[in-house]
Amino acid sequence: MTCLLCSTPFLESASWQKLFFLKQSDVLCHGCRAKFEKVQNNQIENEWSGTIYEGALDTVRSIYTYNDWMKHVFQQYKFQLDVELATIFAEDFKPLRNVQKLIVPIPLHPEKLQERTFSQVDQLLMAAHVPYTHVLDKTVNRSQVGKTRKDRMSSELIFSVSKSVQNQHIILVDDLYTTGTTLHHAAFVLKKAGAESVDAITLIRA
């Protein structure tokens with residue numbers, strides 16, 4: 001096989017999981033795979049206490065840290081439109097196949113989707129063959145980059161709910177967790193629309 005990132009040929013070790021198709025073959029060599037760092041502590045300071053978003057998001061878990069290697073790969077995936085890189089993280093999202101909850105990806109604004117040509121979050125789920133449902137529309141097309149934490153927390157709602165979520169247990173999926181604004185805004189409108197619970201998982205924690 002040839003590594004998807006460094007193009008180095010490599011031999012993958014055999015395992016019974018791969019033999020019975022329980023685990024797909026890795027698309028990365030050991031050296032490239034080893035540069036990713038898993039998040040060890042998923043506890044987040046609750047800075048949303050005392051705001052209207054308190055209690056909206058029940059739990060959030062992130063898979064990888066935003067180290068220099070992840071920054072390099074993520075930039076290539078998100079901004080250089082290298083869609084195939086989503087397969088790198090397929091195994092990380094596969095457990096969502098067995099979850100009896102509604103999997104909801106965080107959407108792009110339609111203008112941003114047209115600009116990027118694909119949704120990076122949708123592609124992560126598709127690479128892992130995880131069924132998902134869009135129930136959110138992004139209504140504001142403004143970047144959060146450069147805003148202070150206080151500005152982000154006090155900004156207007158950026159989502160609306162497009163389908164019934166009454167009594168649903170939902171898992172939101174996003175690519176990057178920074179201040180948590182995106183996920184808290186999404187969880188807030190979902191709870192207001194009748195969702196029973198809203199948890200979240202992100203690929204990266206910045």
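The values are calculated or read from the model by the stated rules, or taken from the named source; none is laboratory data. Keep in mind the model is a prediction, meaning the values are calculated, not measured. Backbone-built Cβ (ideal geometry, glycine too); neighbour counts: all protein chains shown. In case anyone asks, the SASA skips ligands and DNA or RNA and just uses the protein heavy atoms, side chains included. Shrake-Rupley method; radii C 1.70, N 1.55, O 1.52, S 1.80 Å.
Check whether at least one residue in segment 127-150 is under 18 Å from LYS78 (Cβ atoms), open to solvent by less than 30 Å² (accessible area, probe 1.4 Å) and at pLDDT 90 or above, and report yes or no. Talk me through it step by step, then tell me what you get.
Pass one, segment 127-150, residues under 18 Å from LYS78 (Cβ atoms): 127-128, 138, 141-146.
Adding the requirement that they be open to solvent by less than 30 Å² (accessible area, probe 1.4 Å) leaves 127-128.
Filter once more, so that each one left must be at pLDDT 90 or above: 127-128.
So far as segment 127-150 goes, yes, one or more of its residues are under 18 Å from LYS78 (Cβ atoms), open to solvent by less than 30 Å² (accessible area, probe 1.4 Å) and at pLDDT 90 or above.
Here the helices (runs of 4 or more DSSP H) wholly within segment 33-121 that include at least 2 residues being modelled with pLDDT under 95 and among the acidic types (Asp, Glu) are 110-116.
Tell me yes or no: at least one residue of segment 159-169 is touching a residue at least 24 places away in the same chain (Cβ under 8 Å), assigned to a strand (DSSP E or B), open to solvent by 20 Å² or more (accessible area, probe 1.4 Å) and not hydrophobic (A, V, I, L, M, F, W, C). Break it down into steps so the answer makes sense when it comes.
Of all residues in segment 159-169, those touching a residue at least 24 places away in the same chain (Cβ under 8 Å) come to 159-169.
Subsequent filtering for residues that are assigned to a strand (DSSP E or B) retains 159-161, 169.
Going one step further and asking which of them are open to solvent by 20 Å² or more (accessible area, probe 1.4 Å), we end up with 160-161, 169.
Those left that are additionally not hydrophobic (A, V, I, L, M, F, W, C): 160, 169.
Yes: segment 159-169 contains one or more residues that are touching a residue at least 24 places away in the same chain (Cβ under 8 Å), assigned to a strand (DSSP E or B), open to solvent by 20 Å² or more (accessible area, probe 1.4 Å) and not hydrophobic (A, V, I, L, M, F, W, C).
Within segment 49-61, if we keep just the residues that are in contact with a helix residue (DSSP H, G or I) (Cβ under 8 Å, 6 or more places away or on another chain) and farther than 18 Å from ILE170 by Cβ, the residue that is least open to solvent (accessible area, probe 1.4 Å) turns out to be THR51. Checked against the criterion of being open to solvent by 70 Å² or more (accessible area, probe 1.4 Å) and touching a residue at least 60 places away in the same chain (Cβ under 8 Å), the candidates GLU84, GLU115 yield just one match: GLU84. For LEU108, the requirement of being closer than 21 Å to ILE158 by Cβ and without any contact (Cβ under 8 Å) to a residue 40 or more places away in the chain is met.
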